[in-house]
Amino acid sequence: MIPAHLFGLSLTQRYKSFLFSFDLNSTGAYIAPVFENDFPFRTAELTFPGYTKVDLFASYERPLGERVILTLFGGADNIFDVTYFENGFRTPGAMGRGGFKLRF
């Protein structure tokens, strides 16, 4: 799978205890082999359309003491719910995640 055109842009900005991240990936149309799982294990080369997806994330750090730091984070992958395929398989649509982390 080698598309004719690829573009990626990543921006990260820290403001005091906040960290913001923006990722944009654009891929042109590409041809990828898809394998059959039954004998005689034939291969088909399918053309997949190009796509552009955007991911956004943010985090916040707060010290809870001299040796403990709490990090809260959250964000979303594929925020515009673009349909695209990786290795012949459809990927999830928009998906969010978040949580916290303690550092000692």
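A few points about this structure:
- Scanning region 1-35 for residues that are among the basic types (Lys, Arg) and either touching a residue at least 12 places away in the same chain (Cβ under 8 Å) or under 24 Å from Pro92 (Cβ atoms) (or both) turns up nothing.
- Selection from region 36-62 of residues that are free of Cβ contacts under 8 Å to residues at least 12 places away in the same chain and either aromatic (Phe, Trp, Tyr) or open to solvent by less than 90 Å² (accessible area, probe 1.4 Å) (or both): Glu36, Phe39, Pro40, Phe41, Thr43, Ala44
- Residue check, Leu11 out of contact with any Asp or Glu (no Cβ under 9 Å at 6 or more places or on another chain) and either loosely packed, with under 15 Cβ neighbours inside 10 Å or of a type in the set (A, V, I, L, M, F, W, C) (or both): no
- Among residues of region 64-75, those that are part of a strand (DSSP E or B) and surrounded by fewer than 11 Cβ atoms within 10 Å (Cβ to Cβ), counted: 0
- Single unsatisfied condition, Gly65 versus (1) modelled with pLDDT of 95 or more; (2) over 13 Å from the mean Cα position of the chain (by Cα); (3) within 27 Å of Gly98 (Cβ to Cβ): (1)
- Taken together, the residues in region 53-80 that are within 18 Å of Ala29 (Cα to Cα) and of a type in the set (D, E, K, R) amount to 1.
- Failed criterion for Gly28 (all others in (1) modelled with pLDDT of 95 or more; (2) open to solvent by less than 60 Å² (accessible area, probe 1.4 Å); (3) of a type outside the set (A, V, I, L, M) hold): (1)
The values are calculated or read from the model by the stated rules, or taken from the named source; none is laboratory data. Predicted, not measured: the structure shown is a model, and the values here were computed from it. No Cβ is skipped: glycine too gets one built from the backbone with ideal geometry, and neighbour counts run over all protein chains shown. For the accessible areas, the whole protein counts, side chains as well, though only heavy atoms, and no ligand, DNA or RNA atoms are used. Shrake-Rupley method; radii C 1.70, N 1.55, O 1.52, S 1.80 Å.
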